[in-house]
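These notes concern the structure reproduced below.
The values are calculated or read from the model by the stated rules, or taken from the named source; none is laboratory data. Since we're looking at a predicted model, the values are computed, not measured. Counting neighbours? That spans all protein chains shown, and the Cβs are built from the backbone with ideal geometry, glycine included.
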Amino acid sequence: MLQIQQIIKKYENASYNVLNLSNFSIQSGEMIQLMGVNGVGKTTFLSVLAGLSHFEGEIILDGFSIRKDYQRYLSKISYVGNQFFLYDFLTGEEMIQLVQEMASIGSIIDEDLLFFISDSGLSGYLHLYTKEMSLGTKQKLSIFLALLISPKLFLMDEPFVNLDEPSKEALKKLLKSRSKTGMMTIYATHSKEENFNDLADKTAYLLPHLQKGADLIWP
């Protein structure tokens, strides 16, 4: 379970809050679609959840507090944002090997991930250096690497924008498979795509407030 307890986010020297979130929780296996207009704070919210941004309040993931058990909290999270943290001088195959070694997870790859690299077409580009890859291929590789470590919470920022239709369907299939294992997913988007109306269990809307700060609305 993910528990959010009164998150307030304000940038340094700013006179207003960016985020002012009420208490809420997400259950194991749930998939949440986070919607809102550009600039409302979706990326900021994800960065807070990922432990990358200071804030007031508390977040607890499977009993681990982001404040009291920071390293254990982070060990349960994967985040794929707008920037892909890939080494230019490594191939896709070498990036996979690097993550496997760093996470001490061995060389066996889960079946649903094997289906993803095949169905999305990623398998045909793993021999390339990451600097030679298209944005879509980098995004697919980043998603693959993020799920390679089997996180409890998976965060994505605009995950479908660089993907073609077969890759979107492959990602949708993969996320549903991981949801059955208990992984929680939160992905941010500014537009609700028809093909993904049935993907999320819930949709949360991040609505702006100039002074108080944006808050989540659950229809």
(request) State which residue is farthest from T181 (Cα to Cα) when the search covers only region 24-52 and only residues that are polar (S, T, N, Q), modelled with pLDDT of 90 or more and part of a loop (DSSP other than H, G, I, E, B). (result) Q27
(request) Please indicate, with yes or no, whether at least one residue in region 175-194 is of a type in the set (S, T, N, Q), assigned to a strand (DSSP E or B), touching a strand residue (DSSP E or B) at 6+ places or on another chain (Cβ under 7 Å) and at pLDDT below 90. (result) yes
(request) Could you list all residues from region 1-18 that are crowded, with 17+ Cβ neighbours inside 10 Å and either charged (D, E, K, R) or under 21 Å from V80 (Cα atoms) (or both)? (result) L2, I4, K9
(message) Here is a list: Y16, Y79, Y87. Which entry is in contact (Cβ under 8 Å) with a residue 60 or more places away in the chain, among the hydroxyl-bearing types (S, T, Y) and within 23 Å of L135 (Cβ to Cβ)?
(response) Y79
(request) Assess whether E93 counts as being charged (D, E, K, R) and either modelled with pLDDT under 95 or in a loop (DSSP other than H, G, I, E, B) (or both). (result) no
(request) For F116, state whether it is part of a helix (DSSP H, G or I), under 16 Å from the mean Cα position of the chain (by Cα), surrounded by 19 or more Cβ atoms within 10 Å (Cβ to Cβ) and of a type in the set (F, W, Y). (result) no
(request) Kindly provide the set of residues from region 119-136 that are over 13 Å from L171 (Cβ atoms) and of a type in the set (S, T, N, Q), ordered by number. (result) S123, T130, S134
(message) L46 - would you say it is touching a residue at least 40 places away in the same chain (Cβ under 8 Å), surrounded by 12 or more Cβ atoms within 10 Å (Cβ to Cβ), of a type outside the set (S, T, N, Q) and under 30 Å from Y129 (Cα atoms)?
(response) yes
(message) I need every pair where a residue in region 163-180 that is within 16 Å of G29 (Cβ to Cβ) and in contact (Cβ under 8 Å) with a residue 24 or more places away in the chain has its Cβ under 6 Å from the Cβ of a residue that is in a helix (DSSP H, G or I) and not small (G, A, S), sequence separation at least 6 or different chains.
(response) L174/D112; L174/F116; S177/D112
(request) Specify which of the listed residues (G81, G92, G39) is surrounded by fewer than 14 Cβ atoms within 10 Å (Cβ to Cβ), of a type in the set (G, A, S) and under 27 Å from G136 (Cα atoms). (result) G39
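Taking the options S75, S25, name whichever one is under 19 Å from the mean Cα position of the chain (by Cα) and under 28 Å from G213 (Cβ atoms).
Selected residue: S25, the only one of S75, S25 that is under 19 Å from the mean Cα position of the chain (by Cα) and under 28 Å from G213 (Cβ atoms).
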(request) May I ask you to verify whether I7 is at pLDDT 90 or above, of a type in the set (V, I, T) and either under 22 Å from D215 (Cα atoms) or touching a Phe, Trp or Tyr at 6+ places or on another chain (Cβ under 9 Å) (or both)? (result) no
